[in-house]
Amino acid sequence: MSDLVQLTKDQDVAIITINNPPVNALGPGVPEGISQAVKEVTQDESVKAAVLMGAGRTFVAGADIKEFGKITSGKTARGAGLLPLLRQIEDCPKPVVMAIHGTAFGGGLELAMSGHHRVGAPDAQVGQPEVKLGIIPGAGGTQRLPRLAGVAKAVEMCAQGNPIPAREALDYGILDRLIEGDLLTGAIAFARAVLGKPAPKTRERNQKLGTPEQNAPIFAAARELARQKQRGMIAPLAAIDAVEAATRLPFDEGCEVERKLFNDCLFSDQSKAFIHVFFGEREVAKIPDIPKETPIIPVNSVAVVGAGTMGGGIAMVFANAGIRVLLKDADPPALDRGMEVIRKNYSSSVRRGRFTQQFVDERLQLIKPVLGYDDFDKVDMAVEAVFEGMQLKKEVFGQLDRGCRPGAILASNTSTLSIDEIASATARPEAVIGTHFFSPANVMRLLEIVRGKASSKAVIATCMQLSKKLGKVGVLVGNCRGFVGNRMFGPYRREAQFLVEEGASIEAVDQALYDFGMAMGPLATGDLAGLDVGWRIRKEFRHLEKPGTRQPFAEDRLCEMGRYGQKTGAGWYKYDENRRAILDPEVVDSLRKWSAEAGIPQRKISPEEIVDRCILALVNEGARILEEGIAVRAVDIDIIYLNGYGFPAYRGGPMWYADTVGLNKVRDRISEFHRQQGELWEPAPLLKRLAQEGKTFAEYHQSQDLTAA
Ligand code: 3H9
């Protein structure tokens, strides 16, 4: 028996325990161990039934995701997968009871469904999350789940990938019983109780498979939903096809269809990108010079300075995590407005079923509006979210320095300004850090954590850990103008403007990037975020522009016309009362006129050039950021772009996308733009070097630490 699977006995019931920490993934050795145990159970006459469970915190969280890369790179052969093992369990002449706690995900649920019965802890979860890795269930999940849960639920679970709680799994027949108290004791008792009764094989249970007439609308609706909500992704549609095969074909033939679709997905660029993202989201939490044991500062109360859109959203983020908040604004009407917006946001969450009224009432109790700094000596952390201006930020930090107790964290929500300069307004720069939330703060997952020169390791480690508690993906970045996200977004949006100034239509630019997979086109995004924000920043930093370089003018002109975007009802587009974007002939005419005045020749521009100009502008700036050590790894940039800027996850982020295209090709295209467009397109030195060496961004690990940035 392998170390990864143990076989013990409780009188006449065998107990098979999978012990492969941290999540009992079905990595090499585990299926073999289970198979051996089932063989022994079959042969041992003193055993009447078996219970299979996971040791530690969970049942089985799925196949070992690390193995997929080995298969697609040809290092490991795929083989027959788990199907023969699951058939062996199902054919075991003695009842096998699966005892589920924690999560039974992916291959874990597929394993569970091969048992004759399933019992679960009340807080367990089950799911087929494979589509979130760009694949579909590959061990009979699309064939057995509809037989247990019915076609509609199976399609939903396999195509959308969201887990369901044990209670729901019980209602749908995926679990047979919930066990309160000790799971193993309950599972053994259950196994004894079913002795002598029929032991159902899931693959033979066809009652819930429905008729073609019943199923057709289910599949049509699922495909429509997948096209809308998982735009551009191939796995959800493949998962639906596989479940459909379960309803049309005998079990073994259905498994064949599933296997083919699984392989198609596994070998696609999309699944490689999703797997990169899965490990990337975990990797970003690891900072090379900040050990795991770094002491964490307890954060049980915070003060948020500024009750505007960002401040209010940030207050909700902390309150949602159960942390007490003082929301401070010097201006009483602004404070009242801020609290009103918070109440409205919460009410709409209740209406949409996201929160219960009780949850919202409790959160509102945690937020206390205040006009002054009086109680700031009692909080563990203060987050400044005032207007984006250095002078004002410094004044606030002077106040925080005087008002907060020693040891408190002083954070700024600045999106562009220097954390070091802000920290210089205090006598404790080690306590100062950037926490850049994205709008709307209570919705967007990204939190850029900006490390100043003096930020202490404890302050950094605390903010990284806090991000998880707040339900955010925290990514540590170095201090520079715009940090990672906004610094890269500058060239991206610059190119979008250039393209329009050169003759591309506004809709063509937005459509090309939407079709590439971006959540929104760059010009529509500008209208949403407010064109005046960039306009003000450009005015403040004009002195930093390289003399003689081409600069875009379109958005500045729109702002001069009072067109700030959606908030003024007009920007690149006009907006009707439902905020629907409509093309405005006035803007089209003005653009033609401005371009003629500037002497910019007009030409036809292909969607391919639009995408390359915008996306490779991101990549080139990303390469500089990486080399300067502003981002720890290329994947950190990817995670920022996926969670804060609407980059399509199935492309893995801008740096991964560049790796997928090939850095040679990327360098050549950027060099071409350099020749055509001038200095702003100079290829980043790191890109040139990696392309020359035949390497990827993913392989690059900079040695300098971020404090050097
Ligand atoms: C599949 O099953 C395909 C099948 O159809 C079969 C086809 C033949 N493999 O997330 P955490 C690591 S596809 C390898 O921080 P949590 C993770 O990287 C799979 N490693 O913990 C991390 O490592 P590290 C379908 C895995 O408590 C550590 O475990 N299953 C796997 O926040 C802790 O993870 C899924 O997609 C894995 N399967 O969340 C489930 N899972 O410490 C994926 C985790 O070195 N997993 N690791 O950074 C999850 O959703 C979450 O990890 C889980 C725990 C909810 C289980």
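Go through the residues of region 18-41 one by one and say whether even a single one is more than 16 Å from the ligand (Cβ to nearest atom) and in contact with a Cys (Cβ under 7 Å, 6 or more places away or on another chain). The answer is yes, given that some residue of region 18-41 is more than 16 Å from the ligand (Cβ to nearest atom) and in contact with a Cys (Cβ under 7 Å, 6 or more places away or on another chain). Within region 405-444, the set of residues being among the hydroxyl-bearing types (Ser, Thr, Tyr), over 21 Å from Phe376 (Cα atoms) and over 18 Å from the mean Cα position of the chain (by Cα) comprises Ser415, Thr416, Ser418.
Which residue pairs have Cβ atoms closer than 7 Å, lie 6 or more positions apart in sequence or on different chains, and pair a first residue in region 547-562 that is within 16 Å of Arg493 (Cα to Cα) with a second residue that is assigned to a loop (DSSP other than H, G, I, E, B) and open to solvent by 30 Å² or more (accessible area, probe 1.4 Å)? Every condition considered, the pairs that remain are Gln551/Glu545; Phe553/Ala598.
Checked against (1) open to solvent by 20 Å² or more (accessible area, probe 1.4 Å); (2) within 10 Å of the ligand (Cβ to nearest atom); (3) not polar (S, T, N, Q), Arg87 passes all but a single condition, namely (2).
Pro295 satisfies every condition listed in (1) open to solvent by 10 Å² or more (accessible area, probe 1.4 Å); (2) farther than 30 Å from Asp638 by Cα; (3) touching a residue at least 24 places away in the same chain (Cβ under 8 Å); (4) out of contact with any Ser or Thr (no Cβ under 7 Å at 6 or more places or on another chain) except (2).
Applying the criterion of at least 2 residues that are among the aromatic types (Phe, Trp, Tyr) and open to solvent by 10 Å² or more (accessible area, probe 1.4 Å) to the helices (runs of 4 or more DSSP H) found wholly in region 604-709 leaves 654-661. The set of residues in region 334-348 being over 19 Å from Val383 (Cα atoms) and open to solvent by less than 70 Å² (accessible area, probe 1.4 Å) consists of Asn345, Tyr346, Ser347, Ser348. From the list Ala50, Ala77, Ala63, Ala99, the one residue that fits, being within 10 Å of the ligand (Cβ to nearest atom) and either in the same structural domain as Glu32 (by TED's automatic domain parsing) or assigned to a helix (DSSP H, G or I) (or both), is Ala63. Hey, any hits in region 507-517 for a residue that's open to solvent by less than 30 Å² (accessible area, probe 1.4 Å) and either of a type in the set (D, E, K, R) or not in a helix (DSSP H, G or I) (or both)? Yes, region 507-517 has at least one match. Between Ala191, Ala187, Ala199, Ala159, the distinction of being open to solvent by less than 60 Å² (accessible area, probe 1.4 Å) and within 16 Å of the ligand (Cβ to nearest atom) belongs to Ala159 only.
Scanning region 165-177 for residues that are in contact with a helix residue (DSSP H, G or I) (Cβ under 7 Å, 6 or more places away or on another chain) and crowded, with 18+ Cβ neighbours inside 10 Å yields Tyr172, Ile174, Leu175.
Apart from one condition, Leu447 fits all of (1) under 21 Å from the mean Cα position of the chain (by Cα); (2) without any contact (Cβ under 8 Å) to a residue 60 or more places away in the chain; (3) part of a helix (DSSP H, G or I); the exception is (3).
The values are calculated or read from the model by the stated rules, or taken from the named source; none is laboratory data. Everything quoted here is computed from the prediction, not taken from an experiment. Neighbour counts run over all protein chains shown; Cβ positions are idealised from the backbone, glycine included. Surface areas here come from the heavy atoms of the whole protein model, side chains and all, with no ligands, DNA or RNA. Shrake-Rupley method; radii C 1.70, N 1.55, O 1.52, S 1.80 Å.
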